[in-house]
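Values in this text are rule-based calculations from the coordinates and carry no lab data. Just so you know, these numbers come straight off a predicted model, no measurement behind them. Here Cβ is always computed from backbone atoms with ideal geometry, including for glycine, and neighbour counts include all displayed protein chains.
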Amino acid sequence: MENSKKAWIVRDEVEVDRKPFSPDEVRSQTDFNDLSQEVKDILQSLPIIDSSVFSGSSGLFTDALNGDQQIYMMKHKEDFYFIDNQGYEYARYVGKVLNFPNPEFEDLYIKLKEEVMDELGYTEEDMEEEDIEDEVNRETDERFFEITGFEFSEIE
């Protein structure tokens, strides 16, 4: 699918601000969990850039983007933003995306799970047994929460 078509599909659901100077000025926000699966898939397939590419006196108006790409996700501190540059080389339309899955944490979780399985001597085939899968997931969760500082709360 063409970038411009993806941009319109996403912008139909993700609220954006026009020409903000910095990520801190962006007031539009959309919860990732409220988006259609199509938009979620598009957002998760986009290149993720760090907000540091916009450092300097021009802020988000810095010519730091490839006009051919058109849409990006940007990480700023711990937050993620959708960017549609409309073919320009700066961030023309920007919207904050709440609860965007951080790919760094996903990679960390996968790595931890592999370590736990290795330490406990389990294979992928062993994971088909519910008790073994529960044990590995429990241990992986504990390590993940300890490293990231997240807290686990059970829903009653």
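A few comments on the model shown:
- Rg ratio (alpha-carbon, reference 2.2 N^0.38 Å) - the range 104-148: 1.08
- Against the chain, whose longest principal axis is taken from its Cα atoms, helix 130-148 shows a tilt of about 50°.
- Mean separation of Cα contacts under 8 Å (6+ apart) over length of the chain, as relative contact order %: 21 percent
- Rounded to the nearest 20 debye, dipole of the range 104-148 from Cβ charges on Lys, Arg, Asp, Glu: 300 debye
- Residues with amide H under 5 Å from that of residue 17, placed H, sequence gap 5 or more: 28, 94, 95
- Stokes-Einstein diffusion for the range 3-100, with the hydrodynamic radius set to the Kirkwood value over Cα pairs and evaluated at 20 °C in a medium of 1.002 mPa s, equals 165 µm²/s.
- Estimated dipole of the range 50-98 in Debye, rounded to 20 [Cβ of Lys and Arg +1, of Asp and Glu -1, Cα centre]: 160 debye
- Over the chain: helical MRE at 222 nm, DSSP H runs n ≥ 4 each giving -39500 (n - 2.57), nearest 500: -11500 deg cm²/dmol
- Taking the charge dipole of the range 3-100 about its Cα centre, with +1 at Lys and Arg Cβ atoms and -1 at Asp and Glu Cβ atoms, the residue from 14, 48, 90 reaching farthest to the positive side is 90.
- Between amide H atoms placed 1.01 Å from N, distances below 5 Å from residue 87 occur with 70, all of them 5 or more places distant or on a separate chain.
- Restricting attention to the chain, close to 70% of DSSP beta bridges with both partner residues there are antiparallel.
- The long axis of helix 103-120 is offset from the longest Cα principal axis of the chain by roughly 10 degrees.
- Across the range 1-76, the relative contact order, built from alpha-carbon pairs under 8 Å that are at least six residues apart, equals 36 percent.
- About its Cα centre, the dipole of the chain is roughly 1940 debye, where the only charges are +1 on Lys and Arg Cβ and -1 on Asp and Glu Cβ.
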